[in-house]
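Only one structure is covered here, and it is reproduced in the block below.
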Amino acid sequence: MAEQNAHAGRDGRRGAGPRRGLDSLNRVHGEYKAPAGKLVVVDTEVLDGRLHRVEVTGDFFLEPPEALDQITAALEGAPADLDEDALAARIEERLPDGAALIGFDARAVARAVRRALA
C-alpha cells in the first residue's frame with residue numbers, strides 16, 4: 001500500500017498535483033497496476049493540448065526492448081483528451097509484429113496516461 005501512495009498529490013489521489021489545464025505546459029504523473037501485477041508509470045507534459053516528453057516506465061517486461069520506444073512514440077503528440085480506448089489503439093498500432101508485453105498491455109499504459117491527466 002505504501003508503494004501505491006508514494007506519488008500521491010496533496011489531495012491524496014495518485015497522479016494528483018497542480019493542474020493548469022490541458023493547454024499549458026505541466027508535468028503530470030500517473031500509475032496503474034495491471035491485473036497481471038505489473039506497475040505501469042507514465043510521466044508526461046501537456047503542451048497545447050497534446051502529450052509532450054512522454055516517459056513510460058514500470059516493473060513490466062517487454063520484448064523486444066525497443067518496443068518501448070514505439071509505445072512512447074505512439075503517445076508523443078497525442079491529443080491529451082483522447083480516451084483510454086483511443087490511446088490503447090494508438091499504442092497497439094505502433095507495436096512491432098511479434099512484440100510481447102509481459103505483465104501489462106496497451107490498455108494498462110493508456111489507463112496510466114488517463115490517471116496522469118485526471
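Checking each residue in region 70-118 for being acidic (D, E) and closer than 22 Å to L47 by Cβ picks out E76, D81, D83, E84. Residues that are in a strand (DSSP E or B) and open to solvent by less than 30 Å² (accessible area, probe 1.4 Å) within region 40-52 comprise V40, V41, V42, T44, E45, V46, L51, listed in sequence order.
Scan region 90-104 and give yes if some residue there is surrounded by 19 or more Cβ atoms within 10 Å (Cβ to Cβ), closer than 20 Å to K33 by Cβ and not hydrophobic (A, V, I, L, M, F, W, C), otherwise no. No, region 90-104 contains no residue that is surrounded by 19 or more Cβ atoms within 10 Å (Cβ to Cβ), closer than 20 Å to K33 by Cβ and not hydrophobic (A, V, I, L, M, F, W, C).
Filter region 19-33 down to residues that are at pLDDT below 95 and either touching a Leu at 6+ places or on another chain (Cβ under 7 Å) or surrounded by 18 or more Cβ atoms within 10 Å (Cβ to Cβ) (or both), then give me how many there are. Before the answer, list the steps.
Here is the first cut: in region 19-33, the ones at pLDDT below 95 are 19-27.
Of the ones still in play, those that are also either touching a Leu at 6+ places or on another chain (Cβ under 7 Å) or surrounded by 18 or more Cβ atoms within 10 Å (Cβ to Cβ) (or both) are 25.
Qualifying residue count for the region: 1.
Considering region 64-83, and only residues there that are open to solvent by 40 Å² or more (accessible area, probe 1.4 Å) and in contact (Cβ under 8 Å) with a residue 12 or more places away in the chain, the residue that is farthest from V54 (Cα to Cα) turns out to be P64. Of all residues in region 59-82, those that are under 15 Å from G30 (Cα atoms) and within 12 Å of the chain's Cα centre (by Cα) total 3.
From the list A16, A6, which residue is in a helix (DSSP H, G or I) and either at pLDDT below 50 or open to solvent by 70 Å² or more (accessible area, probe 1.4 Å) (or both)?
Values: A16 fails: in a helix (DSSP H, G or I).
Matching residue, one of A16, A6: A6.
The values are calculated or read from the model by the stated rules, or taken from the named source; none is laboratory data. Please read these numbers as outputs of a predicted model, since none were measured by experiment. Note that we place each Cβ from the backbone using ideal geometry, even for glycine, and neighbour counts take in every protein chain shown. Ligands, DNA and RNA are stripped out before the accessible areas are found, and what is left, the full protein with its side chains, is counted by its heavy atoms. Shrake-Rupley method; radii C 1.70, N 1.55, O 1.52, S 1.80 Å.
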